[in-house]
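*Asks:* One structure coming up, written as structure tokens, with questions to follow.
Laboratory data are not the source of any read-out in this text; all were calculated from the coordinates shown. Since we're looking at a predicted model, the values are computed, not measured. Cβ placement follows ideal geometry from the backbone for every residue including glycine, while neighbour counts extend to all protein chains displayed.
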Amino acid sequence: MTSSASLDAPAPARGFAHPAIGRAGGKAILFGEHSVVYGHPAIAVPLPEVAVRAAVQLTTGAGRLRSALYTGPLTRAPQRLLPTVTALDAALSALCPPGTSALLEVESDIPAERGLGSSAAVAAAVISAVAEAAGVALSRDERFELIQIAERAAHGRPSGLDARAVCATQPLWFQAGAVRDLPLGAPLHLVVADTGVRGRTGEAVAAVRERLAADPHDTGAQLGELGALADAAGAQLRVGDLPAVGAAMDRAHAVLDLLGVSDPALDRLASAARQAGALGAKLTGGGRGGCVVALAPGRDEADRIAGALRRTGAAAVWTTTVPRAAEVSGTGAAEHTDSAERAVEATA
Ligand code: PMV
């Protein structure tokens, strides 16, 4: 299992006199990727085993970025970092006096473009760090709107699921922009495995849109089935009916495959997880590369499934336990998330 311990350590603050720190964790979508774009419900869980840390020092001089991908003036950051630069610019212009720039350092162990929320988590961490540096307490909705500005730079027209999920400390139910907590009746022992292939969310979303335009009846029915599976799984998760949740995951994977967003590497990892004893397994996120998520009956089985997935060729594997409602401690993936914020509005 990858450790996020290095990200929890005190900021190295190389060259920063007084950095402000923001953090955010990864996420996995359990149900509803793609169908959520069309207003159907989705369920996501935090994945704090992977995380981003951003350090910010405000300046009136030239802005600079230090990251694994690029170190240098912000104005010359590569196109790939556009969402990060967009998050910083959005936060600076919303929260700081005109003319303010920043020295920004980003460290992340969330693999990019694997459906684990890397771009939204980087944006969330950067925005939290700027808010901290500016002495501004952002509401959850204000932070969400700023993350969405960066997500639009990353994905075009994101549903908002990722921007909500990377700030969540509990499983969440998302529909048409609204979120609420989804209390679990039993802990979820999950295994997430990376095919090692970059996911192509934007391309996959565009392909589903084209498919829907060309064949509204069948594609609409498939998107509707994904929504119905999320609906049913919401109830199954509440009562802890894990075999039913696993079966719904298997069916969701099959429907996502029909929609054209799976691939042989995802199919292979999902089958390997089932053969190793998973109750269910499916791709997670946009697909066409990226990761699978498998539901294990218990912690030991999760370790066994993780071993099987490594032997099947997964580039990385994480196990996580999402506690049942009564066990939620209040610690979680996102910084600046207090208990009031965690009582997400029950609008869905
Ligand atoms: O690949 P990810 O983790 O960014 O997830 C995308 C989820 C989609 O439903 C495919 C797109 C969206 O905007 O919700």
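*Asks:* Quote the FRET efficiency, to the nearest 0.05, computed for Asp303 versus Glu145 with a Förster distance R0 of 30 Å and r equal to the Cβ-Cβ distance.
*Replies:* 0.15
*Asks:* Based on the alpha-carbon gyration tensor of the range 154-296 and its eigenvalue square roots a ≥ b ≥ c, which shape applies: rounded if a/c is under 1.5, prolate if not and a/b is larger than b/c, or oblate?
*Replies:* Working: a/c = 1.43, a/b = 1.19, b/c = 1.21.
Verdict is rounded for the range 154-296.
*Asks:* When the chain is fully extended, how far beyond the present Cα-Cα distance does Arg311 get from Arg324, taking 0.36 nm per residue of separation?
*Replies:* Taking Arg311 through Arg324 to full extension adds about 1.7 nm, to one decimal.
*Asks:* May I pose another question? Hand me the GluC sites (Glu not before Pro) from the range 23-113 located in a DSSP loop with no more than 12 other Cβ atoms within 10 Å, in residue order please.
*Replies:* Working: sites: Glu33, Glu49, Glu105, Glu107, Glu113; in loops: Glu33, Glu113.
Answer in residue order: no site qualifies.
*Asks:* Calculate, in nm to one decimal, what Leu69 and Val239 gain on full extension: separation in residues at 0.36 nm each, minus their alpha carbon distance.
*Replies:* Answer, rounded to one decimal: 56.8 nm.
*Asks:* Using Stokes-Einstein with the Kirkwood hydrodynamic radius over Cα pairs, what translational diffusion coefficient do you get for the range 66-205 at 25 °C and a viscosity of 0.890 mPa s, in µm²/s rounded to a whole number?
*Replies:* On the way: Rh = 16.2 Å.
In µm²/s, the coefficient rounds to 152.
*Asks:* Still on this structure: Measure of size requested: the Rg and Dmax of the range 82-125, with Cα atoms as the atom set and Å as the unit; please supply both.
*Replies:* 11.7, 36
*Asks:* Can you work out D for the chain in µm² s⁻¹ from Stokes-Einstein, where Rh is the Kirkwood radius over C-alpha pairs, the temperature is 25 °C and the viscosity is 0.890 mPa s?
*Replies:* Rounded, D is 122 µm²/s.
*Asks:* Further question: Net charge near Gly313: determine it from the other residues with C-beta under 12 Å of the C-beta of Gly313, scoring Lys and Arg +1 and Asp and Glu -1.
*Replies:* +2
*Asks:* Classify the range 244-325 as rounded, prolate or oblate from the Cα gyration tensor: take a ≥ b ≥ c as the square roots of its eigenvalues, call it rounded if a/c is under 1.5, otherwise prolate when a/b beats b/c and oblate if not.
*Replies:* oblate
*Asks:* Could you estimate the translational diffusion coefficient of the range 190-236 from the Stokes-Einstein equation, with Rh from the Kirkwood formula over C-alpha pairs, at 20 °C and 1.002 mPa s, in whole µm²/s?
*Replies:* 167
*Asks:* Further question: Using DSSP to define loop residues, name the trypsin sites (Lys or Arg not before Pro) in the range 149-254 whose beta-carbon has at most 15 other beta-carbon atoms within 10 Å.
*Replies:* For trypsin sites (Lys or Arg not before Pro) across the range 149-254 that sit outside H, G, I, E and B with at most 15 neighbouring Cβ atoms in 10 Å, the list reads Arg198.
*Asks:* Mind pulling the angle between the C-alpha long axis of helix 264-275 and the longest principal axis of the chain? Nearest 10 degrees, somewhere in 0 to 90.
*Replies:* Computed tilt is about 60 degrees.
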